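> Sharing a structure here in structure tokens format.
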Amino acid sequence: MKFRLAFVGFGKVAQGLTELLVRKHDQLKHDYGFDCRIVAVADTVKGSIMNKRGLDPERLLHLARTDESLRAYPKGSKGLSSIETIKKAEANVLVETTWTNLTDGEPGLTHIKTALIEGLHVVTTNKGPIALAYHELVALAERRQRQLRFEGTVLSGTPVISLLTETLAGSTINSIRGILNGTTNYILGEMEGGRTYEEALRAAQERGYAEADSSGDVEGWDAAAKITILSNAGMDGRLKLADVHREGIVGITARDVRDAASAGMRIKLVAAAYAENGKVTAQVTHERLPETDPLSRIPGVMNAVIISTDVQADIIVVGPGAGADSAGYALLSDLLAIDRFLTK
Ligand code: HSE
């Protein structure tokens, strides 16, 4: 298929994808016959631009990274809202990367619904809509016969959604246990190295790991959203975010971290989901883990999941859990998956 992408949200993650599309253009064309054009971009801060004949990705990156707005793009329609962009750009895929809102999923939820209703496929890294309305969105996508892919919502570009829903087909997933939030893992590691909580949080924000509102990370909401997504998509759960028992790392002191270390333990924020008698439950808790637990050895912004199934020994996946390049790659892998699906 000839991809005609409309971006709604053009922050670091969308720019990460755009950079990959530029850098890997020849490889993707040669290896997969991947043919892709960006026809519209709408961003609340950077402005919007639409040109049905295609936009130059390098120029978009330049404008987004300097103080110039996308309105400075030389040719095309400007000033469209995100909804107008989705409806008018004649795109066939929406790339939705607006900010995560775990209260009502907006504005991403409306963007995704509108795109599916209009007949677009959707790729997204936005956790809000997928954590809050997974079943509703999947049903809508099925009705509209469109693909909704969200690999980057959990473990960023490290594959876990496609692993659970496609690669492990035929297995029953009994439990998932993991470190799903990069910011808190980074903070706990830095505290172990002697930094204060505040210093470590500031560093995580500067590196772009933390959410716009970092309380989502440190109070455990982000990890709770991710375990909800994994439970629903990978374990056939019917979980709501509010069903997840949740703890964060607020209140954990450098002393707690050092005390744990001197006892040969590490404090980690662990998210887990268990299937029992057809029911899936999930929790996010801070735990003192012994060194024998693989999760105790996951450093910095890395994430990990341990997947237990009914057919083989546990599977462990470790990889980056945050960062624009990794999340940008998640979107690319989703686009390539759509391409494979449509050319089946
Ligand atoms: N704030 C998130 C984290 C970003 O720290 O893991 C990736 O979802």
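The values are calculated or read from the model by the stated rules, or taken from the named source; none is laboratory data. Remember, predicted model here, so these are calculated numbers, not experimental data. As a convention, Cβ positions derive from the backbone with ideal geometry for all residues, glycine included, and neighbour counts pool all protein chains shown. Please note that ligands, DNA and RNA were not included when accessible areas were found on the heavy atoms of the full protein model with its side chains. Shrake-Rupley method; radii C 1.70, N 1.55, O 1.52, S 1.80 Å.
> If you take the residues in region 210-227 that are assigned to a loop (DSSP other than H, G, I, E, B) and open to solvent by 40 Å² or more (accessible area, probe 1.4 Å), which one is nearest to the ligand (Cβ to nearest atom)? I'd like the intermediate steps shown before the answer.
Of region 210-227, the ones assigned to a loop (DSSP other than H, G, I, E, B) are 210-214, 219-220.
Keeping just the survivors that are open to solvent by 40 Å² or more (accessible area, probe 1.4 Å) gives 211-213, 219.
Working: 211: 5, 212: 9, 213: 10, 219: 12 Å.
The residue in question is 211.
For (1) open to solvent by 20 Å² or more (accessible area, probe 1.4 Å); (2) away from the ligand (no atom under 16 Å from the Cβ); (3) in a loop (DSSP other than H, G, I, E, B); (4) not hydroxyl-bearing (Ser, Thr, Tyr), each residue gets a yes or a no:
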site	(1), (2), (3), (4)
111	no, yes, no, yes
123	no, no, no, yes
129	no, no, no, yes
132	yes, no, no, yes
135	yes, yes, no, yes
138	yes, yes, no, yes
143	yes, yes, no, yes
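> Which of the numbered conditions does residue 337 fail, given that it passes all the others? Conditions: (1) open to solvent by less than 20 Å² (accessible area, probe 1.4 Å); (2) within 16 Å of the ligand (Cβ to nearest atom).
So residue 337 meets the others, but not (2).
> Take the residues in region 240-260 that are in contact (Cβ under 8 Å) with a residue 12 or more places away in the chain and part of a helix (DSSP H, G or I); name whichever of them is surrounded by the fewest Cβ atoms within 10 Å (Cβ to Cβ).
Of region 240-260, the ones in contact (Cβ under 8 Å) with a residue 12 or more places away in the chain are 240-241, 243-250, 252-254, 257-258, 260.
Narrowing further to those that are part of a helix (DSSP H, G or I): 241, 243, 254, 257-258, 260.
Working: 241: 20, 243: 16, 254: 17, 257: 23, 258: 14, 260: 20.
Restricting to residues being in contact (Cβ under 8 Å) with a residue 12 or more places away in the chain and part of a helix (DSSP H, G or I), the top hit is 258.
> Please identify the pairs in which a residue from region 184-199 that is within 13 Å of the ligand (Cβ to nearest atom) has its Cβ atom under 6 Å from the Cβ atom of a residue that is of a type in the set (D, E, K, R), counting only partners at least 6 apart or on another chain.
Pairs found: 184/217.
> Residue 76: farther than 30 Å from residue 204 by Cβ, of a type in the set (Gly, Ala, Ser), more than 16 Å from the ligand (Cβ to nearest atom) and buried (at least 17 other Cβ atoms within 10 Å of the Cβ), yes or no? Outline the logic, then answer.
Values: farther than 30 Å from residue 204 by Cβ: yes; of a type in the set (Gly, Ala, Ser): yes; more than 16 Å from the ligand (Cβ to nearest atom): yes; buried (at least 17 other Cβ atoms within 10 Å of the Cβ): yes.
Yes, satisfied.
> With the structure loaded, tell me whether residue 213 is in contact with a strand residue (DSSP E or B) (Cβ under 9 Å, 6 or more places away or on another chain) and at pLDDT below 95 or whether it fails that test. Steps first, please.
Numbers: in contact with a strand residue (DSSP E or B) (Cβ under 9 Å, 6 or more places away or on another chain): no; at pLDDT below 95: yes.
When the stated conditions are applied, residue 213 does not pass them.
> Check every one of the helices (runs of 4 or more DSSP H) wholly within region 1-108 and list those with 3 or more residues that are over 30 Å from residue 243 (Cβ atoms) and touching a residue at least 40 places away in the same chain (Cβ under 8 Å). Before the answer, list the steps.
Details: elements: 12-23, 25-32, 57-65, 82-88.
Passing ranges, in order: 12-23, 57-65, 82-88.
> Quick check on residue 158: is it within 12 Å of the ligand (Cβ to nearest atom), under 25 Å from residue 101 (Cα atoms) and either at pLDDT below 95 or touching a Ser or Thr at 6+ places or on another chain (Cβ under 8 Å) (or both)?
Considered against the rule, which asks whether it is within 12 Å of the ligand (Cβ to nearest atom), under 25 Å from residue 101 (Cα atoms) and either at pLDDT below 95 or touching a Ser or Thr at 6+ places or on another chain (Cβ under 8 Å) (or both), residue 158 comes out as yes.
> Based on this model, can you work out whether residue 169 counts as aliphatic (A, V, I, L, M), farther than 17 Å from residue 319 by Cα and touching a Phe, Trp or Tyr at 6+ places or on another chain (Cβ under 8 Å)? First the steps, then the outcome.
On the way: aliphatic (A, V, I, L, M): yes; farther than 17 Å from residue 319 by Cα: yes; touching a Phe, Trp or Tyr at 6+ places or on another chain (Cβ under 8 Å): no.
No.
> Looking at 188, 109, 148 in this structure, which one is closer than 17 Å to residue 303 by Cβ and modelled with pLDDT of 95 or more?
Values: 109 fails: closer than 17 Å to residue 303 by Cβ; 148 fails: closer than 17 Å to residue 303 by Cβ.
The match here is 188.
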